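Inspection log for the structure reproduced underneath, given as structure tokens.
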Amino acid sequence: MTLQHHFPALIIVIFLICAFIMPLLFRWRSTLCAPALLLVHLLALAMAVALLVRLYAGGPFYYHLGNWAPPWGIELKIDFLRVYMVLILVGLGLWIFVYALKDLAHELKREVTGWYYALYALLIGSMSGMALTNDMFNLFVFMEICGIASCAIISIKESRECLEASFKYLILSAMGTGCYLMAIAMIYMVTGQLNFQLIREALPAAAGLYPNNLLVATALIIVAFGTKAALFPLHVWLPDAHASAPSPSSAVLSGLVIKIYAFSLFNILFFVFPASFRQAVPINEIVLWLATLGILFGSIFAMVQEDLKKMLAYSSIAQIGYVFMGIGLNQPTALLGGFYHILNHALMKGMLFMVAGVIIQATGRRRVKDLNGIGHVLPLVMIAFTVGGFSMIGIPGTGGLISKWYLAEGALLANRLFFVIVIVLSSLLNAVYYLPIIINAFLNPYEGREPVKPVSRLMVGAITAGMIAVIFFGVYPKPVIVFLKAALAAVIGM
Amino acid sequence: METLKNLAHNYYYLVAVVLFVIGMHTMLTHSNLIKKVIAMNIMDTSVFLLFVAIGYIRGGQAPIMRDIGDGFYINPLPGALILTGIVVGVSVTAYALSLVVKIYRYYGTVDADEIVEIRSREQ
Amino acid sequence: MEDQITRLTSRLVVPFIQVYGIYIILHGHLSPGGGFSGGAIFGASLVLMALAFNLSAGVKQISHQSASLMESGGALGYALVGLIALLWGGNYLANRAASFPLGRAGELFSGGAIPVITVFVGMKVASTMVTLFYNLIEGEAKVGDPEKPGA
């Protein structure tokens, strides 16, 4: 067996090893920490690409940890969608990390940057694990690692707001994982299996015998992943957590972490529950309506925010609604839109949080009202903000339009005209709070005496790269769309 | 009557669910941060109880490999899963408690309502 | 805490607790218990030392630094044992498939990679207990000094 066969496990393991080494390395040679983590990201990216190549050659495959096949062992499943997620996680993780290299020096004390790197590696590793695993309990373990790591990269900046937000996040995320564990218990009770595929095979028989158990489990799963991914009424932790965290943490939390929970929910809904079960219980409808509420209310809450980062955080609640809408519509084109939006939103929200970080670092301003004329002093950064804002609204030439387009087309194909209206309405709502900032930033004069602090070129470079990517995926979406179409056709058979 | 009989047979599950709801309710509604952490543990423990109860068979032997004649083993898997769950629960608890210590240092209280009051007074 | 009874009792009890913890760790592949339980017992003995005497007595047993070194080392060891399986032709964390010597079931030296992993887990858990305790204690001790770096 060649080394390539082990890539699925290695992607996760090298991040974990990196996280374990980091405290030692930081004590020994602190300058080596950042290059080591960069190297791990690059290695993981290379491995993910190699997986993709192998998928094209041979189709989906499985990896059995410890050579134990299910039902005994943990199984990793590698298919196109999962590799798509891993590519996004590792690739954008690398991008945000490059930004973090310079930003952290500004926001954190030097002694804790080593720990930050360790947590970052743990976070990306556990998210890759969540994307690849095919086992309910293994998913739980990765969820908990991811939960702790994401709380810790908030609380590592020891301000009062961060600690409080982090505690709130921790309690609600513990509630989420508690619910998920209960759901596993309920499912294990009636099927005796933990592997996705084996549960799927055992469920129809069990559903006849113990329907109540499965109903409860379904509800718990929706609550669990809804809490983790900030589905509308369960979003209360998100604004504080994402707004008070250091900017790189905000970018990775808003850009990647909530997406991976949405993806896990998708995995469970589509690969654990058989289609007959999904028709008998209106899971998709519930997710769809909650997503709709989230899309509308997230934007409405965002309008009244005074703090820039809080506004972006509320906007994330609205945007994750699109992903859930794709899942809820249960229609291939809409799913395509949802999955494309995972990439798009990760890019643009990551970039917008980076922009917020640069503005705060350069001028010390974080209130929306104080951003008048900021385009004159930070032109490139504000152009990036403009591109991000346009993409949120869905103006042609940006990625946001493409995903909304496919979502709307999917809604039309599913004969749900109402949701097309929701999408259009939400674009208007987005315009209401993004456009004034952009207009004020460029058309009003800059007031303020204090000099603008210089910003590292690396940070501006990362933002520029993000801006180019947002435009690229808006102008030339074809490769990703073709890939996703094939992936969805292969994976779901729709 | 049928329902009552089912309940009497499956009282483990009933207890587990009651504990789960108690934990969840306290965690979400109580303002004392330490009590939230305790409630989180109650909630986790209820799930562990349910899991272990699933794996138990009346009269079964502990799953250690030895000669047990006509006897049978209980299911070892839930035990192994719960051990993992306990480890995870311990680490979350420890992290939550260290956060509470820090919060106490900044605000001088562990009551969420008082913290909100302090913050609103400062603004 | 200046209590003669606690001090004397814990001085008596601690060695036994530690031996018991090591026993549980080493027999992890033969009987219930293993790295986590044994490590927790061992770690508890160190915490007991620090509680019954004072923090410096506990630190004399194992300092905060070396505890966190051991913590990383334990986790790293676990991951590396998994990688060794790769070199020997199994999947990640494989045991028999990677031709680890299995020995005869029931003997102390048996089970291939499992006892090795158990020892690493025990090391990790014991040192984690200690670091958690130190972190909480130090966080408590420095009231009014919010500038302390992260735990």
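Taken together, the values in this text are just the output of simple stated rules run on the coordinates, not laboratory data. As the structure is a computational prediction, the values presented were derived from the model and not from experiment. All Cβ positions, glycine included, derive from the backbone under ideal geometry; neighbour counts span all protein chains shown.
Post the alpha-carbon centroid distance, region A:429-494 to region B:59-123, in whole angstrom.
40
Taking the Cβ of each residue in A:ARG29, C:ARG11 as the centre, tally the other Cβ atoms inside 10 Å and list the residues starting with the fewest. Display every interim value, and only then the final one.
Working: A:ARG29 10, C:ARG11 13.
Ascending Cβ contact count within 10 Å gives the list A:ARG29, C:ARG11.
Which far-off residues, 5 or more places away or on another chain, put their amide H under 5 Å from the one on B:ASN32, with H placed in the peptide plane?
B:ALA112
Let me know the shape class of region C:4-141, please: from the alpha-carbon gyration tensor, a ≥ b ≥ c as square roots of the eigenvalues, rounded when a/c is under 1.5, otherwise prolate if a/b is greater than b/c, or oblate.
Because a/c hits 1.5 or more and a/b fails to exceed b/c, region C:4-141 counts as oblate.
Which net charge results for the neighbourhood of A:LEU238, defined as the other residues with beta-carbon distances under 11 angstrom from its beta-carbon, given Lys and Arg at +1 and Asp and Glu at -1?
Working: positive: A:LYS168, A:LYS228, A:LYS310; negative: A:ASP240.
With Lys, Arg at +1 and Asp, Glu at -1, the neighbours total +2.
Please list A:17-26, A:476-485 highest first by mean number of surrounding beta-carbon atoms within 10 Å per residue.
Numbers: A:17-26: 22.5, A:476-485: 15.2.
Output ranking for A:17-26, A:476-485: A:17-26, A:476-485.
Which helices, taking whole DSSP H runs in chain C, have alpha carbons extending 30 angstrom or more along the helix axis plus mean Kyte-Doolittle at least 0.0?
Numbers: long enough: C:4-26 (34 Å, 1.15); C:64-87 (34 Å, 1.05); C:113-141 (42 Å, 1.24).
Result, helices passing both filters: C:4-26, C:64-87, C:113-141.
If neighbour count is taken as other Cβ atoms inside 10 Å, put A:THR363, A:THR31, A:THR398 in order from fewest to most.
Fewest-to-most Cβ neighbours within 10 Å comes out as A:THR31, A:THR363, A:THR398.
Past 32 Å, Cα to Cα, is the threshold; run A:LYS309/B:LYS36; A:LYS157/A:LYS485; A:LYS77/A:LYS109; A:LYS77/A:LYS157 against it and keep the listed order.
A:LYS157/A:LYS485; A:LYS77/A:LYS109; A:LYS77/A:LYS157
In what order do A:LEU214, A:LEU458 fall by count of nearby beta-carbon atoms within 10 Å, going from fewest to most? Walk me through the numbers on the way to the answer.
On the way: A:LEU214 23, A:LEU458 14.
Ranked by crowding around the Cβ, least crowded first: A:LEU458, A:LEU214.
Quick check on packing: order B:104-111, A:144-151 by the mean number of other C-beta atoms within 10 Å, highest mean leading.
Listed from highest to lowest mean packing, they are A:144-151, B:104-111.
For chain A, what does the helix formula give at 222 nm: sum of -39500 (n - 2.57) over DSSP H segments with n ≥ 4, over the residue count, nearest 500 deg cm²/dmol?
Helix contribution divided over all residues of chain A: -26500 deg cm²/dmol.
Work out, step by step, the length gained on full extension between A:LEU380 and A:ASN212: first 0.36 nm times the residue separation, then minus their alpha carbon distance; give nm to one decimal. Walk me through the intermediate numbers first.
Details: separation 168, 0.36 × 168 = 60.48 nm, distance 5.68 nm.
Length gained, A:LEU380 through A:ASN212: 54.8 nm.
Output ³J(HN,Hα) for region A:103-111: one whole-Hz value per residue in order, computed from phi by the Karplus curve 6.51 cos²θ - 1.76 cosθ + 1.60 with θ = phi - 60°, and x for Gly and Pro.
Each residue's phi maps through the Karplus curve to give 5, 5, 4, 7, 9, 10, 6, 4, 5 Hz.
Quick one: Cα centre-to-centre distance for region C:56-70 and region A:229-247, in angstrom?
A separation of 37 Å, based on Cα centres.
Dipole magnitude of chain A about its Cα centre, charges +1 at Lys/Arg Cβ and -1 at Asp/Glu Cβ only, in debye to the nearest 20?
Charge dipole, chain A, about its Cα centre: 640 debye, nearest 20.
Mind ranking B:35-44, C:125-134, A:196-205 by how tightly packed they are, going by the mean number of other C-beta atoms within 10 angstrom, highest first?
Ranking, from highest mean packing down: C:125-134, B:35-44, A:196-205.
Which of the trypsin sites (Lys or Arg not before Pro) found in region A:58-155 are in a DSSP loop and have at most 16 neighbouring Cβ atoms, other than their own, within 10 Å?
Passing both the DSSP loop test and the Cβ count: A:LYS109.
Apply the Karplus curve 6.51 cos²θ - 1.76 cosθ + 1.60, θ = phi - 60°, to the phi angles in region A:219-225 and return the couplings in whole Hz, x for Gly and Pro.
Karplus-based 3J(HN,Hα) across region A:219-225 equals 4, 5, 5, 5, 4, 4, 6 Hz.
Just in region A:29-82: which chymotrypsin sites (Phe, Trp or Tyr not before Pro) are loop by DSSP and have at most 15 other Cβ atoms within 10 Å?
A:TRP72
Roughly how crowded by other chains is peptide B:6-19, in terms of the mean Cβ count from those chains within 10 Å of each of its Cβ atoms?
1
Counting only DSSP beta bridges with both residues in the protein assembly as shown, tell me the antiparallel percent, nearest 5.
DSSP beta bridges in the protein assembly as shown are roughly 90 percent antiparallel.
In µm²/s, what is D for region A:39-115 at 37 °C and 0.692 mPa s, where D = kT/(6 pi eta Rh) by Stokes-Einstein and Rh is the Kirkwood radius from Cα pairs?
The calculation lands on 222 µm²/s.
Under a cut-off of 17 Å between alpha-carbon atoms, report the aspartates and glutamates in cross-link reach of A:LYS168, not counting same-chain residues fewer than 8 places apart.
Straight-distance partners of A:LYS168: A:GLU144, A:GLU158, A:ASP240, B:ASP111, B:ASP113, B:GLU114, B:GLU117.
Between beta-carbons, use under 11 Å as the cut-off and find the net charge around A:VAL422, counting Lys and Arg +1, Asp and Glu -1.
+2
Taking the Cβ of A:LEU458 as the centre, find all other residues whose Cβ is under 13 Å away and add up their charges (Lys, Arg: +1; Asp, Glu: -1).
Numbers: positive: A:LYS102, A:ARG457; negative: A:ASP103.
So the environment of A:LEU458 carries a net charge of +1.
For region A:293-494, calculate the relative contact order in percent as a whole number, restricting contacts to Cα pairs under 8 Å that are 6 or more residues apart.
Taking the mean separation of contacting Cα pairs over the length of region A:293-494, I get 29 percent.
Once you keep just the Cα pairs under 8 angstrom separated by 6 or more residues, what percentage relative contact order results for chain A? The partial results should precede the final answer.
Values: 797 pairs, mean separation 67.7, N = 494.
Normalised by residue count, the contact order of chain A is 14 percent.
In peptide B:38-49, how many Cβ atoms from other protein chains are near each Cβ within 10 Å, on average?
3
In peptide A:159-169, what is the residue-averaged number of other protein chain Cβ atoms found within 10 Å of each Cβ?
The per-residue average across the peptide is 5.
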